[in-house]
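Below is one structure, written out as structure tokens; comments come after it.
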Amino acid sequence: MDFVFDIDKAVAAAAYLTKRSGGRISAFVLLKMMYAAEREALARWHRTISGDSFVSMKKGPVPSRTYNLIKGEVLGTNSDMEKWSRYFSPRQGADIRLIADPDFDFLSDREIEILEKSAVEIEDLIKSRGLVANILHERWPEWREPEDLGRGAVPLSLEAILAEVVEDDGEVERVVSEIRAVNSAKAALQVNGA
């Protein structure tokens, strides 16, 4: 794990995107909007919004923990699942529904700006092109076809994403080292209760 997952930020980001879509959103669309925002944050600030990890799936990359929360595949007694369930309905067909507003103050103004930009980008692609999975595979070259490896999902490494979003290839290794050092310190602080 390269980042420390922050359930409060993940809930706030997903809720922001769901609320701007009228309170109900396709899980597919939400995951694409969230991945686009996380990828943009990584490109700009060398960190993600929620600290989620990513996987390549048949229809493109997704934030892994958020996807598992949407599917209800995190143990119900897990604090992340309990928190997620306070704000989102269980999946109803392809959609999820926002049932309560979380604290949006977990998101900075610049994170909201990126979420908004990503939402508009994905919505515009859907309006102009319809099914967007193949288009996003081209836009996000870090995506790998998991079926080629005989799997349903393949972890996306931080290096693979950064190689596509950081302009200087020599910078990727430095950025990865910096990210891992910062997040190792964050994880240690969480374990020590600080």
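What tally of residues in the range 142-194 results from selecting those that are in a loop (DSSP other than H, G, I, E, B) and of a type in the set (Gly, Ala, Ser)? It would help to see each step written out before you state the result.
Here is the first cut: in the range 142-194, the residues in a loop (DSSP other than H, G, I, E, B) are 142-145, 150-152, 157, 166-168, 192-194.
Imposing the further condition that a residue be of a type in the set (Gly, Ala, Ser) reduces the set to 150, 152, 157, 193-194.
So the count comes out to 5.
Pick out, from the range 1-119, the helices (runs of 4 or more DSSP H) lying fully within it that include 2 or more residues that are more than 24 Å from Leu136 (Cβ to Cβ).
7-20, 79-87
If you go through the range 11-38 one residue at a time, how many are β-branched (Val, Ile, Thr) and without any contact (Cβ under 8 Å) to a residue 24 or more places away in the chain?
Going through the range 11-38 one residue at a time, the tally reaches 0.
Would you check which residues across the range 46-80 are out of contact with any Ser or Thr (no Cβ under 9 Å at 6 or more places or on another chain), touching a residue at least 12 places away in the same chain (Cβ under 8 Å) and either closer than 26 Å to Leu149 by Cβ or exposed (fewer than 14 other Cβ atoms within 10 Å of the Cβ) (or both) and list them?
Those that are out of contact with any Ser or Thr (no Cβ under 9 Å at 6 or more places or on another chain), touching a residue at least 12 places away in the same chain (Cβ under 8 Å) and either closer than 26 Å to Leu149 by Cβ or exposed (fewer than 14 other Cβ atoms within 10 Å of the Cβ) (or both): Thr48, Gly51, Ser56, Met57, Lys58, Lys59, Gly60, Pro61, Tyr67, Ile70, Lys71, Ser79.
Looking at this structure, is Lys83 closer than 20 Å to Ser184 by Cα, of a type outside the set (Val, Ile, Thr) and either surrounded by fewer than 23 Cβ atoms within 10 Å (Cβ to Cβ) or touching a residue at least 40 places away in the same chain (Cβ under 8 Å) (or both)?
no
Against the conditions (1) charged (D, E, K, R); (2) in contact (Cβ under 8 Å) with a residue 60 or more places away in the chain; (3) in contact with a helix residue (DSSP H, G or I) (Cβ under 8 Å, 6 or more places away or on another chain), where does Glu159 fall short? Just the number, please.
Among (1) charged (D, E, K, R); (2) in contact (Cβ under 8 Å) with a residue 60 or more places away in the chain; (3) in contact with a helix residue (DSSP H, G or I) (Cβ under 8 Å, 6 or more places away or on another chain), Glu159 violates only (2).
Quickly run through the range 2-26 and pick out the residues that are surrounded by 19 or more Cβ atoms within 10 Å (Cβ to Cβ) and of a type in the set (A, V, I, L, M).
Ile7, Ala10, Val11, Ala12, Ala13, Ala14, Ala15, Leu17, Ile25
All of the numbers you see were taken from the coordinates with simple rules; none came from a lab. Keep in mind it's a predicted model, so treat the numbers as computed, not measured. Counting neighbours? That spans all protein chains shown, and the Cβs are built from the backbone with ideal geometry, glycine included.
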